[in-house]
Amino acid sequence: MENNTHTMMTYINQEPSLFTKILNEYQIKLKPFIDFCQHHDIKRCLILATGSSFNAALCAKYCFENKSNIIVEIKEPFNFNYYEKLDQQVDLVIAISQSGKSASTIEALDKIKAANIPIFALTANLESPICSKADYILDINCGIETVGFVTKGFLMTVLNLELMALIIAKHNQAITLVEYDKLIAQLSKIGEKIPQVIEQSLAFFNQHQISMANSPRFIAIGYGALYGVTKEFETKFTETVRLPSTGYELEAYMHGPYLEANRQHCLFFIEDCHHDNGQYERSLRLKNYMASYVGQVYTLSIGDVAQPNINTLNINMKLDHHFTPLLTVIPIQILAYHIAGAKNIDLSIRIFDDFDKVLKSKI
């Protein structure tokens, strides 16, 4: 799914400049959404997305709910279209498709239009089929990503969704203008941190590449906003490393999946050291317990690590918990790409090349 000139790393290396660009231009690119929020009282939002777009929505869901004080549902468009009912109290729908060609997402919008609910399409392709189905078009503003394993598009989708959450919060008066400005300033600091995170991630892989390359089973465990990061871990590792890979919410892992554990498992704990509701300490206890039952345990952390060691990649930055996916997903993208290479998987060779055509999963 790669071509001769671009790889996943090509787009990962573009993330710092794109992050800054989006922050500088969001008031223009998201103007239809800003204008809508000024004239509507938003209480409920439905997000339609699949694949990495679904994972991006999971990363931003709690930012919407906790900053904006609204209810957000995320639905897989195929199941929604054929098996579920539409909540008539939904104030707007956000349909996410980076390519703008997701057949299931596009088809589901007919159901929304019949109910006369405003539709926002969030896409990187402003000439794609999804645009003709939406009432408002929002540009992810990251350009077209030709590599099939999305990286920059994922990160910039999360960033746009976080900005949309803050826009609603400001207009709902769920946060003050001062709080809004501080949160935007924190996003700018995150953008400045990305080059260092890329460098750290590459060094971390180089340090552990032999053990990672020899692992046959990968599991990521996280909580809160980081749950969406574990699901993107599942997606990216499955696509690139092509071995069993799963992302779990912390508590969900403790209710059955831990029974699968054996020496072939490689566990990644994704943690926010400053999250103050006890989940960090719970993650530490689980990690310490599982260490003697699995082959490898690694940690991707934000903040001051309580138990630093050689297996910890620590991004030493105190963040609002809802913003932590913006930095923790970058190591996962880099590890997915380089572990695949270490396993001699040539990502430039397209596989299942006729899949979309035969299954009609994209228009």
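The values are calculated or read from the model by the stated rules, or taken from the named source; none is laboratory data. As the structure is a prediction and not an experimental result, all values here were calculated from the model. All Cβ positions, even for glycine, are placed from backbone atoms using ideal geometry, and neighbour counts span all protein chains on display. To get the accessible areas, we keep the full protein, side chains included, count just its heavy atoms, and leave off ligands, DNA and RNA. Shrake-Rupley method; radii C 1.70, N 1.55, O 1.52, S 1.80 Å.
Those residues that are assigned to a helix (DSSP H, G or I), surrounded by fewer than 24 Cβ atoms within 10 Å (Cβ to Cβ) and in contact with a Pro (Cβ under 8 Å, 6 or more places away or on another chain), I need them from region 83-108; list them, please.
Selection gives 104, 107.
Can you give me the number of residues within region 78-96 that are touching a Lys or Arg at 6+ places or on another chain (Cβ under 9 Å) and among the polar types (S, T, N, Q)? So that I can check it myself, show each step before the final result.
Quick first cut of region 78-96, residues touching a Lys or Arg at 6+ places or on another chain (Cβ under 9 Å) only: 80-81, 84, 86-87, 89-92, 95.
Adding the requirement that they be among the polar types (S, T, N, Q) leaves 81, 89.
Going through region 78-96 one residue at a time, the tally reaches 2.
Taking region 329-346, which residues are β-branched (Val, Ile, Thr) and open to solvent by 10 Å² or more (accessible area, probe 1.4 Å)?
Across region 329-346, the qualifying residue is only 345.
Among the helices (runs of 4 or more DSSP H) confined wholly to region 218-322, which include 3 or more residues that are basic (Lys, Arg)? Give the steps one after another, and end with the answer.
Values: elements: 227-240, 250-253, 279-290.
In region 218-322, 279-290 are the helices (runs of 4 or more DSSP H) which contain 3 or more residues that are basic (Lys, Arg).
Taking the options 177, 187, name whichever one is more than 21 Å from residue 312 (Cα to Cα), open to solvent by less than 10 Å² (accessible area, probe 1.4 Å), modelled with pLDDT of 95 or more and out of contact with any Ser or Thr (no Cβ under 6 Å at 6 or more places or on another chain).
Matching residue, one of 177, 187: 187.
Residue under question is residue 230, and the condition is that it be open to solvent by 10 Å² or more (accessible area, probe 1.4 Å) and among the polar types (S, T, N, Q); does it hold?
Judged against the criteria, residue 230 is not a match.
Looking at the structure I just gave you, is residue 318 over 17 Å from residue 216 (Cα atoms) and either touching a Pro at 6+ places or on another chain (Cβ under 6 Å) or not polar (S, T, N, Q) (or both)?
Details: over 17 Å from residue 216 (Cα atoms): yes; either touching a Pro at 6+ places or on another chain (Cβ under 6 Å) or not polar (S, T, N, Q) (or both): yes.
Taking the combined requirement at face value, the residue satisfies it.
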